[in-house]
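Engineer: To start, I am sharing the structure in question, which I have written as structure tokens.
The values are calculated or read from the model by the stated rules, or taken from the named source; none is laboratory data. Remember, it's a predicted structure, so these values are computed and weren't measured experimentally. Heads up, the Cβs are rebuilt from the backbone with ideal geometry, glycines too, and the neighbour counts pull from every protein chain shown.
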Amino acid sequence: MYKKLRSALANLPRVWKRVILIAFDIIGLSLALWASYALRYGAWVFPNTLDQAAIILTGPLIAIPVFVRMGLYRAVIRYLPERAIWTILQAMTIATVCWVVLVFLSEMSGRGVVPRSVPVLYWALGTVLIGGSRFAAKKFLWVSNGMRSSDHPVAIYGAGEAGAQLAMALRRQGNKFIVGFIDDSRALQGRDVAGLRVFPPSDLYILVEQYGVSEVILSIPSLNAIRQKEIVAKISGQGVKIRTLPHIADLVSGKYLVNQIREIDIDELLGRSSVPADTQLVREMVKGKTIMVTGAGGSIGSELCRLIVKWAPQRLVLFEANEFALYQIERELSAVRDRSIVPILGSIVDKVRVEHAINSYGVQVVFHAAAHKHVPLVEVNALEGIRNNVLGSLNVADAAFNNGVESFVLISSDKAVRPTNVMGATKRWAELIVRQKSIEALAKGTGQRFCAVRFGNVLGSNGSVVPLFKEQIAKGGPVTLTDPEMTRYFMSIHEAAELIVQAGALSQGGDVFLLEMGSPILIRDLAENMIRLAGFSVRDDESPSGDIEIVVTGKRPGEKMYEELFYDETSANSTRHPKILRAASSDATHKDLEVALRSLIAALDAQSERDARHILFDFIK
């Protein structure tokens, strides 16, 4: 019988649940006020005059509108958070004060005196009745539905068709309680969609306080990056985790289902306008070709491989020095049918190994992504960084030139512009080596194209700040910054890989391509966005009770406050792709590279870091 009663109460329409609550509150507060008088006078008799009955009834008549205004009838009893007791205390205090004011006015009109202890007793008894009834009902109804401690209330941002489908899917799963929708449309606000109330975004704090909402799910599949960034900025900082539906194209293609909610990637908040890939350029560079990617297991290298394998190359050669990284990418790509994948374990400093790989498989296109890129590590291991990034690049470029490779693309870095660290300087040398090979190809009329593609940081790459921040946030902080004013250019790995391939197709030989990176981003803003996306608040001087603190540790050796993509921004020329620029040919030194290379090799052989650094930086000044 109890189960039937619980089930019946739980399945009642929300309007009837509110009617029952209001009726209970009227009766309960009337009894509380009567009991207050009875305790004061020690006489447990019901009111026998019209004035006494009127005073008893005024309590609930004043309290109910206050309770409505304070949102006590909006809260869902089954998911009433413990902190709701404070709202009940506030509501009961306001109702009692209003009743006292009314009673005082009644006394002035000669309708009797109310003892001073009655309002205090009424407030105490009313609070116990109202609060106790709510939490007792919560316990009763919670058991009825077999709710688990893992269940948590969520709100859905977007009351459209996708939002309604998501609500139904989550209800079927049964592990989340949907408090309601949030929507910007005033026409929908205050209405019910799929049986759920639609709230304006400004009411999110109420949903958090009253319902204990801990997660907001964006259910607008066609949302663009700029609008998504605006919405996240609007609702972040409330201590809620923000997740989203997949993009509409992924839903239509069947890649995701409507109930497959995913985390919001930080690169979605960059506000970058996306430009579809020029399929003609990608096809021209990849289709039917034998392609080799050095550093195939790294962040950029592996993403290049994933992109290339989709465009039907004749063969994809994976050249990688890290055994486990090579195993992982080879296993992933081998799952793609009708693709010839060749894994080669080797280092680019091994000239014979590189030459053999290119010659044995008739490689036509080389994407040279292998490099030591972690600035602080390369700074303290300068000789190894120079040997790998400079001499390794020389080995790959020589082997490509000697074996008739059609296209050679060097993945460079914005740190190559006016470098202040060893990593940036080695990348600049690699650019000059590629340019030298292009000059040789032009002189001999081989038709080979050598180019470099320069860009900034990619989000989520190995050694970048994003994985570090995620790890620090998962541990509860603090998040460490080297300098709060430091800025960097950022783009997603997928976008970078697409643009690299298209830049290679645009090459005329000797080019340095610059990927349009948008505006530089403050690293501190990046950290704050990641903290808020994870459902936490930032702890600082303005919010000392926040969840995660950001700590400044100071700049590391070789770090620049601001990175640059151009030696001379005015000299960059546009190409047929709006996101790819071509640096002017004067963006390269005309000094004797071969002589400088011999001096650098001698310094490396002598293990003289001082001489190697001196040669490295002096040559590119």
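Engineer: What residue, of PHE177, PHE199, is under 23 Å from GLY71 (Cβ atoms), modelled with pLDDT under 80 and surrounded by 18 or more Cβ atoms within 10 Å (Cβ to Cβ)?
Structural biologist: PHE177
Engineer: In the range 207-228, what residues are in a helix (DSSP H, G or I), modelled with pLDDT under 80 and buried (at least 18 other Cβ atoms within 10 Å of the Cβ)?
Structural biologist: Matches in the range 207-228: GLN210, TYR211, GLN228.
Engineer: Identify all residues within the range 395-413 that are surrounded by fewer than 24 Cβ atoms within 10 Å (Cβ to Cβ) and assigned to a helix (DSSP H, G or I); write none if there are none.
Structural biologist: ASN395, ASP398, PHE401, ASN402
Engineer: Condition test on GLY288, is it surrounded by 17 or more Cβ atoms within 10 Å (Cβ to Cβ) and not charged (D, E, K, R)? Please lay out each step first, then the result.
Structural biologist: Values: surrounded by 17 or more Cβ atoms within 10 Å (Cβ to Cβ): no; not charged (D, E, K, R): yes.
It is false that GLY288 is surrounded by 17 or more Cβ atoms within 10 Å (Cβ to Cβ) and not charged (D, E, K, R).
Engineer: At pLDDT below 80 and in a loop (DSSP other than H, G, I, E, B) - does that describe any residue in the range 487-499?
Structural biologist: yes
Engineer: Specify the residue that is farthest from the chain's Cα centre (by Cα); the eligible residues are those in the range 361-381 that are surrounded by fewer than 21 Cβ atoms within 10 Å (Cβ to Cβ) and part of a helix (DSSP H, G or I).
Structural biologist: The residue in question is VAL380.
Engineer: Still on this structure: Here is a list of conditions, (1) modelled with pLDDT under 70; (2) at negative phi; (3) not aliphatic (A, V, I, L, M), and GLY131 meets all of them except one; can you say which number that is?
Structural biologist: (1)
Engineer: Listed residues GLY518, GLY546; which is of a type outside the set (Lys, Arg), assigned to a loop (DSSP other than H, G, I, E, B), at pLDDT below 80 and on the phi > 0 side of the Ramachandran plot?
Structural biologist: Working: GLY546 fails: on the phi > 0 side of the Ramachandran plot.
That would be GLY518, the only listed residue that is of a type outside the set (Lys, Arg), assigned to a loop (DSSP other than H, G, I, E, B), at pLDDT below 80 and on the phi > 0 side of the Ramachandran plot.
Engineer: Anything in the range 318-335 that is more than 19 Å from TYR361 (Cα to Cα) and either in contact (Cβ under 8 Å) with a residue 40 or more places away in the chain or in contact with a Lys or Arg (Cβ under 8 Å, 6 or more places away or on another chain) (or both)? List them, or say none.
Structural biologist: Passing the criteria: only GLU332.
Engineer: Quick one: count up the residues across the range 328-354 that are part of a loop (DSSP other than H, G, I, E, B) and surrounded by fewer than 16 Cβ atoms within 10 Å (Cβ to Cβ). Break it down into steps so the answer makes sense when it comes.
Structural biologist: Initially, the range 328-354 is screened for residues part of a loop (DSSP other than H, G, I, E, B), giving 335-340, 346-350.
Next cut, surrounded by fewer than 16 Cβ atoms within 10 Å (Cβ to Cβ) only: 335-338, 340, 350.
The qualifying residues number 6.
Engineer: Quick one: would you say ARG613 is surrounded by 14 or more Cβ atoms within 10 Å (Cβ to Cβ), at pLDDT 90 or above and either not in a helix (DSSP H, G or I) or not hydrophobic (A, V, I, L, M, F, W, C) (or both)? Full working, then the answer.
Structural biologist: Numbers: surrounded by 14 or more Cβ atoms within 10 Å (Cβ to Cβ): yes; at pLDDT 90 or above: yes; either not in a helix (DSSP H, G or I) or not hydrophobic (A, V, I, L, M, F, W, C) (or both): yes.
It is true that ARG613 is surrounded by 14 or more Cβ atoms within 10 Å (Cβ to Cβ), at pLDDT 90 or above and either not in a helix (DSSP H, G or I) or not hydrophobic (A, V, I, L, M, F, W, C) (or both).
Engineer: Further question on the same structure: Would you check if there is a residue in the range 586-597 being touching a helix residue (DSSP H, G or I) at 6+ places or on another chain (Cβ under 9 Å), assigned to a loop (DSSP other than H, G, I, E, B), at pLDDT 80 or above and buried (at least 17 other Cβ atoms within 10 Å of the Cβ)? Write out each step before concluding.
Structural biologist: Step one: list which residues in the range 586-597 are touching a helix residue (DSSP H, G or I) at 6+ places or on another chain (Cβ under 9 Å), which gives 586-589, 591, 593-594, 596-597.
Pick out the ones that are also assigned to a loop (DSSP other than H, G, I, E, B) and you get 586-589, 591.
Filter once more, so that each one left must be at pLDDT 80 or above: none.
So far as the range 586-597 goes, no, none of its residues is touching a helix residue (DSSP H, G or I) at 6+ places or on another chain (Cβ under 9 Å), assigned to a loop (DSSP other than H, G, I, E, B), at pLDDT 80 or above and buried (at least 17 other Cβ atoms within 10 Å of the Cβ).
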